[in-house]
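Working notes for the structure below.
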Ligand code: DC
């Protein structure tokens with residue numbers, strides 16, 4: 001069977017990470033979490049004292065970024081210059097930072113080649129916001145995964161609570177709405193479904209059901225000559 005490129009885009013908390021991870025495992029594909037790259041840029045900028053509003057300086061950080069991934073057990077760990085930053089890039093503060101740095105056209109341009117290199121050769125599930133529209137426009141299987149904002153907030157709160165973080169539902173809902181608004185309205189690569197993406201609403205389906213239906217679509221595309 002052909003090793004294709006699968007893209008999964010959609011808003012924060014729609015279940016992209018869980019779906020992408022399970023789908024990659026089910027297909028025997030690599031996983032490319034592009035949000036982690038924007039998060040890594042935000043983290044490095046913060047550590048360097050570079051404001052997230054400084055597009056040119058953040059783009060330089062993006063160009064210099066030394067990022068790698070590795071599965072430890074069933075968890076996808078993210079390394080920057082060899083340091084495991086998996087936990088540090090998932091804080092609410094870095095979520096806001098990633099959204100801010102990702103709005104700079106020069107940061108997106110700097111990360112485009114890196115993402116294409118990491119996805120080269122196919123056999124990869126790529127997860128993000130613009131992976132089907134901009135990064136891999138010729139991907140064989142594209143999905144846009146979403147869920148209601150209340151459902152996405154519920155999931156994000158549960159996810160953060162599991163790591164021991166105390167989070168407020170209303171604050172998280174407001175943050176998710178702010179991020180959606182910023183991600184969807186930016187001039188460069190706004191978060192919109194690709195014209196040829198399959199739209200999937202995960203609010204009313206279990207994770208397993210979503211993965212099954214995506215896998216069936218990918219398998220049918222991978223069989224197509
Ligand atoms: O999926 P995530 O929450 O880890 O993404 C973090 C931020 O990065 C999100 O606010 C939008 C941005 N992002 C993006 O602009 N393009 C992508 N392909 C992936 C993420």
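Share of antiparallel DSSP beta bridges in the chain, in percent to the nearest 5?
On the way: 8 of 25 bridges.
Antiparallel bridges: around 30 percent, rounded to the nearest 5.
By per-residue mean of other Cβ atoms within 10 Å, what is the highest-first order of 14-26, 204-216? Please list the in-between numbers first.
On the way: 14-26: 20.8, 204-216: 14.8.
Highest mean packing first, the order is 14-26, 204-216.
What FRET efficiency, computed as 1/(1 + (r/R0)^6) with R0 = 25 Å and r the Cβ-Cβ distance, is obtained for residue 138 and residue 215, rounded to the nearest 0.05?
According to the calculation, E is roughly 0.75.
Taking only the alpha-carbon atoms of region 137-176, what semi-axes of the equivalent ellipsoid follow from 5 times the gyration tensor eigenvalues under a square root, in whole Å, largest first? Intermediate results must be reported in sequence, preceding the final value.
Values: eigenvalues 151, 30, 12 Å².
Value: 28, 12, 8 Å, ordered largest first.
Can you classify region 162-203 as rounded, prolate or oblate using the Cα gyration tensor, where a ≥ b ≥ c are the square roots of its eigenvalues, rounded means a/c under 1.5, and otherwise it's prolate if a/b beats b/c and oblate if not?
Here region 162-203 falls in the oblate category.
Which of 154, 108 comes first, and how do the rest follow, when ranked by fewest Cβ neighbours within 10 Å?
The most exposed by this proxy come first: 154, 108.
Once the cut-off is 19 Å, how many percent of the Cα-Cα pairs in region 99-225 end up in the long-distance tail? Before the final figure, lay out each step's value.
Working: 4742 of 8001 pairs.
Counting every Cα pair in region 99-225, those more than 19 Å apart make up 59 percent.
Once the mean 1/r over all distinct Cα pairs of region 121-193 is inverted, what Kirkwood radius in angstroms do you read off? Working shown, then result.
Values: mean 1/r = 0.0708 Å⁻¹.
Evaluated on region 121-193, it is 14.1 Å.
To the nearest 500 deg cm²/dmol, what mean residue ellipticity at 222 nm is calculated for the chain from DSSP H runs of n ≥ 4 alone, each contributing -39,500 (n - 2.57), summed and divided by the residues?
-15500 deg cm²/dmol
Under the classification rounded if a/c is under 1.5, otherwise prolate if a/b is larger than b/c and oblate if not, where does region 175-225 fall, given a ≥ b ≥ c as square roots of the Cα gyration tensor eigenvalues?
Taking the square roots of the gyration eigenvalues as a ≥ b ≥ c, region 175-225 is oblate.
Taking 2.2 N^0.38 Å as the expected size of a compact globular protein, what ratio does the Cα radius of gyration of region 53-163 give against it, to two decimals?
1.16
Kirkwood Rh, region 1-126, all Cα pairs: how many Å? Walk me through the numbers on the way to the answer.
Values: mean 1/r = 0.0669 Å⁻¹.
Hydrodynamic radius (Kirkwood, Cα only) of region 1-126 equals 15.0 Å.
If the viscosity is 1.567 mPa s and the temperature 4 °C, what translational diffusion coefficient in µm²/s does Stokes-Einstein give for the chain when Rh comes from Kirkwood over Cα pairs?
For these conditions, the coefficient is 73 µm²/s.
Shape call for region 3-63 from the C-alpha gyration tensor, a ≥ b ≥ c root eigenvalues: rounded (a/c under 1.5), prolate (a/b greater than b/c) or oblate?
It is prolate, given that a/c is not under 1.5 and a/b is the larger ratio.
What does the highest-first list of 1-12, 81-92 look like by mean Cβ count within 10 Å?
1-12, 81-92
Each reported figure results from applying straightforward, stated rules to the coordinates on display, with no laboratory input. None of the values given here were measured: they were computed from a predicted structure. When we count neighbours, we look across all protein chains shown, and the Cβ atoms used for this are built from the backbone with ideal geometry, even at glycine.
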